[in-house]
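Reviewing the structure listed below.
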Amino acid sequence: MSELRIKTTATDRLTQKYLRRLERENYIAAAITIFIATGSLLWLVFQFGGHTRFGEASVVTFFANSMFAVASAIGAIWCFETAYRARRGPVILEPRHQLAWLLIGLGLFSCAIGGAFYTYLEDYVQKNPVPSAADIGFTLFYIFTFIGLLLMPTTTQTRRSCTRIGLDALITTLCILSISWFFVIGPIFSSVTDRARLYTAVSYPFWDVLLILAIVLLVYQRTARLLYPSLIMCALGILSLIWADTLYAYTIPFSTYNTGIWYIDTFWFIGYLLIGLSAPYQYASIARRAYREHIQPTTEIKSSEFVAFSRTNHVRKHLFSLRNFLIFAPILVVIVLVLDNEISHAYNLVLVGLASSIGILLTTRYLLANNENEILLAEREQRRTEADLLRMITARLTQELQLDNLLTRIVTTATTELSFDAAALFLVEAYDQSPGAQFSLLIRASPADAPDKTITWRLEGEHITYRTILTGKQVEVFWQDHSVELPAEVYSWQREQSVLSTLFVPLIYQEKILGSLGFSSRTPRRFSERDSYLANAYAEQAAIAIEHAHLYEDAREHELFAQALTRVAARLNSAVTTGSGVGAEIYQLICTEGARALQADYAILYLYVNDEQLNPMAVFCNTREPASLVNDWPPIRSRETEAQALYSSQPTLIEIDDMATSSGRLPAVTGPLRALPAPGTTSSAQQRPSNTLPLQVPSGGLRFRKKLTLRNVLARRKVQTAILAPLMAGNSQAALLVLARSSQHASEQKRPFARADIGHAQAFAEQAAIAFTNAQLYQKLHDAHHQLQELDQLKDQFMITASHELRTPLTSVQGYLELLVQFGASLPSEQQQEFLQKAQRACDELVLLLSNVMDTSRLEIEAGIRPAHFERVILQEVISDVITLIEPQVTHEKREVYLYLPGQIAVKADPPRLRQVLLNLSMNALKYSKTGTPIAFAARTFSDSRPCAILSVSDKGKGIKPQDQAQVFERFVRLESDLNSTVRGSGLGLYISRRLIEAMDGKIWVESSGIPGMGSTFHIQLPLA
C-alpha cells in the first residue's frame, strides 16, 4: 500500500468564511469561462462585423486574435493567483507545488504575449504570419506547462523521477511524431514548399500530445486523488487545444486557414481558460480538506498531510504494463519504419533525424536508470542498515519496563545511536485528557557530548503557550526565528547546548498523543529525508515502548495496591474482632494503613463530635517529616469548605493554598498549578523563593490573630495537594480521612496527589469504611451484651432484694397475726390495737413495694408513660400535702422540716405524679438519714432556654459518692452500702421518679459530696406555668 501526502500548512486565516469566498470566486471564474466560450462561438458562427475592416483585417479576425490573447491572459491570472495563495495564503503548499502553478501561469502569459503580437502582425503586417516571433510565445507555453506538470505532487518527489517522466513523455511524443510523419504528414504535405510554416504548424499538436502524456504519467506516478478533478479539467483543456492545433496544422500549410473559424479558434479559447481554471479549483479542494483536518485534528493525527489513496499490487502491475506499452510500442514501430526506410533506400531525413533523437533520449534514459538503480541499491543498503539499527534500538527499549529508566534511555539513544547533537522528550503524563484540561508535562533532555547527564523538568498547568509541539504534528524549528515557545528552563538549556535547529516528532500510539520527541542539531540546517525517516521511525517505537511501560506500571501499581488493600482489610478486621470496638486503635490503624497504601506522608482521621465541627481523632506522620500529634491539627468547622467533602460520594482532591481562608472557594484540581521542578534538576527555577511558605500570623494581639485551618497547617508542612476521603457507615457519613504528601524532601521521587490517585483513595476508603462499620456493629453488639449482663446481674440482685423486702413485711404481718390468734384473749385491747397497726403498716409497705414494681413494668412496656394531663400546680400546695403525709414519721423521729419557698411558684405538671415523686424523695430522705436530722424543701425560679422552677429536697444523711450518682436513677440499682444496711428498698423509687419527671418535660438530678453527714440534695426542674 502506497500513499501520497500533500504537505500543507494551515494558518489561523483558514476559516469557513474564506472557503465560501473561494467557492464564490470559482463560480465567477466558471461563469467567465462559459460566457467567453459561448459569446465567442456565437460571434464567430454569425460573423458579426465580418465585412467591417479593422486595419488590414476584418473585425472578426481582430476579435478572434484578441480573444486568443485575452483567454490566455485570464488563465495566466488565475494561475498566478493560485501560486500566490499557495505561498502567502491561509493554506501554504510545498515549494514545488507553488512553482508548478507559477510555471503554468508563465506559460499562459507567454501565450498571451504571443497572441497579442500575432494580432498586431495580422492586423497591420500580413495575413497568417507563420512562422513569426509570436510562435516563440506559443512554444514557451508548452515548455513551461510541461515542466509545471512534472512538478505536481506524486509519491516520488525527486528530481530523478521528474526527469524520467519528462524523458518518457518526450520519447513517446517523438515516436508518435515519427509515425505520423511517415504515414500522414509526409505524404499529405509533400507538395508544400514552405517547410518552415509546415514544421511550425505541425509542432503544436505534438506539443499537446506531450502535455497529455505528462498528465498520464503523472497519474501513473500515483498523484493525489484530491488533484484528479483539476487534472481532468486541465486534460480537457489540452484535448481542446489538440483539436484546434490539429485542424490548424492541417489547413495552414495550404493557406486555407482564415482567422475566426468557429470550430478552430473557439477551442483555443476554451483550452486556455480550462487550463487556467483548474488552478483555483485545485487550491479550493486542498483548502477544504485542510480546513476539515484543521478543525478535526483527530481524524489525522500523525501529520498534517492528506492520505490520497492506495493501490493494490495487482493494479500497480497493470499500470506498469500500460506504461511500458505506451513507451516501447511506439519505439518498436519507429525501429520497423527506420529499417523499412533503409531497405527501400528511401532516405527520409526527417524520420532519420527523429529516430536519432529518440535513440539519444533512450540512451540518456538508460544511463539515468542505471544511475537510479545504483542509488536505489545504495539507499536500500542504507535502509537495511537503518532497519537493523532500529530493530536493535527497539529491542533495547522493549527490555526496559521501568518508565523513568526508559525515558532516560530514549533521549540518550537518540544522541548516541542516531547521531543527533541533543534530544528532548516532552511527555504528557495525563495524555488521555483533552488538550484544554489540566495536565502534567514531563521534560527530559540529554546532550550528545554528555549522555549520562540527563536533565528533567516537570510542569503542571492548564493554559500553556508552548503546546504547539504537542498537537500531533511534525514541526521543524530554527531557533533563531523563535517560532516555537518553550519553558524558560528548556530554552536556556537549548542555548547552553548551542542548538540551532530542532525537529519535533509527535509520539502517537493508537491515535493518542503521548507527547513529542525533539531531535536537535547544532547547525542551522534543514533535516534531511534520512533524518526525518529515522526520527519518525524511532518516535513510533518510543511511543509503543512508553505506552507499554505505562501499562506495566499501572498493572504493577494495581497489583501492589490490591495486595496492600488485602493486608489493610485483614489488619482492620483483626483489630475489630480482637479489640473493644470503634476506639483509638481502629482510628490509628486506619490512618497508618491509609498512609502506607497511598504512600502519604500525613493521614488525619476526623470525626463529628457535634453538629458544629469535625475533630481529629488520630494522626499518622511519616518518620522523615516533623513529628505531629493529634492536638497539632485544627478542627474542621462545619461552615468550612473542607467539611463539604464529608458529604461527597467520592474522595475530593484539593489544592493547598496557605493564603486561603475558611470562607473561600474550595479550589478544584482543574485549576492552574505551579510548575514543579523534578528532583535533581539544577535549573534556575529551583533558586526562586517558594510561593508556599508558612503563613505568618501576627503576634500583636488576638484582634490580629487568625485561627489556623487545615489548609494552613498543611501548607506549613509543604503540602501542595490533599485528598479528603469520606468514610461511609451504612448510609451515613462516619468520618473524614485526610491524606497528603509533602514536598519537603527534594530528593524524593514522590509527587503530590493527582486525580489519578482518587481511584486508589476511593478503594481504600471503601475498605476502611467496611472495617469502620464492622467496628461500630461490634461495638453495638458488645454494648448490648454488656447491658444484658448488667440486666442479668440486676435481675439477680432484684430477686434477692425483692425476696428480702417482701419477706420482711410478710414476716411482720404473719408474726403479729399469730400472736393475736394465740394470745388474743389474754392480751389487753391497747396491745391488740398496736399489733394490728404494725401489721397494717407492714401491709402498706408491701403494697408500696408491689406498686413500684408494677409501675416499673408498665413504664418499660409502654416505653415511657405520659401523665394523664398537665395543669397549673402550686408548689407550696404539693409540698404541704407531702409534709402532711410524712408528718407522723417526722414527729415520731423528732425531725425538723425547713421550707424555703419565695412566694407562690406555679409549674406545669401532673399533680398526682408530682406528689408521688416528692413523696419518694421525702421517704428516701427519711430512710437514709439519722433520726433527729432535719430535711429541707426549697424552690426557686430559673431561666435557661425557657423559664423553669427548681424544686429541691435535702437531707443530712451519709450522702452519695460522685461516681455513684449516675447509677442511682437506674432501675434495680442499690448502692453497695445500702445492700449491707438495715434500710429496705427495691431500687425502683428513683428510677420511677426519673421517668415520671421526664414525662412531665423536666429533669431530675442529685448533688452530694459523698461525705457522711453532709447529705444529699435532689433537684427537680419543671417548666413554669
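Only the coordinates and a few stated rules stand behind these numbers; no lab work does. Note that the structure is a prediction, hence the values are computed from the model and not measured. Because the Cβ atoms are built from the backbone with ideal geometry, glycine has one as well, and the counts that use them run over all protein chains shown.
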Ranked on Cβ counts within 10 Å of their own Cβ, fewest leading, E293, E559 go E559, E293
So, with points 7 Å from each Cα along the Cβ direction, the A395-D12 label distance in nm works out to 5.0 nm
Among beta bridges assigned by DSSP with both residues in the range 864-1023, the antiparallel ones amount in percent, to the nearest 5, to 85 percent
Here the gain from full extension of A133 to S732, 0.36 nm per residue of separation minus their alpha-carbon distance, amounts to 205.7 nm
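Greater than 22 Å separation of Cα atoms is the criterion. Which listed pairs, K927/K958; K838/K956; K961/K1003; K838/K927; K958/K1003; K838/K894, meet it? Please report the intermediate quantities before stating the final value.
Values: K927/K958 11 Å; K838/K956 28 Å; K961/K1003 20 Å; K838/K927 18 Å; K958/K1003 24 Å; K838/K894 20 Å.
Table pairs above 22 Å Cα-Cα are K838/K956; K958/K1003.
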For the pair N615 and D1001, the simple spin-label estimate (label points 7 Å beyond Cα toward Cβ) gives in nm 3.1 nm
The FRET efficiency for E559 and N405, from their Cβ-Cβ distance with R0 = 25 Å and rounded to 0.05, is 0.80
Distance in nm between L1024 and E529 label points, each 7 Å along Cα→Cβ, equals 10.6 nm
Note on the range 864-1023: contact order normalised by length, alpha-carbon pairs under 8 Å, 6 or more apart, percent, works out to 26 percent
One finds, for Y900 and E970 with R0 = 35 angstrom and r their Cβ-Cβ distance, a FRET efficiency to the nearest 0.05 of 0.75
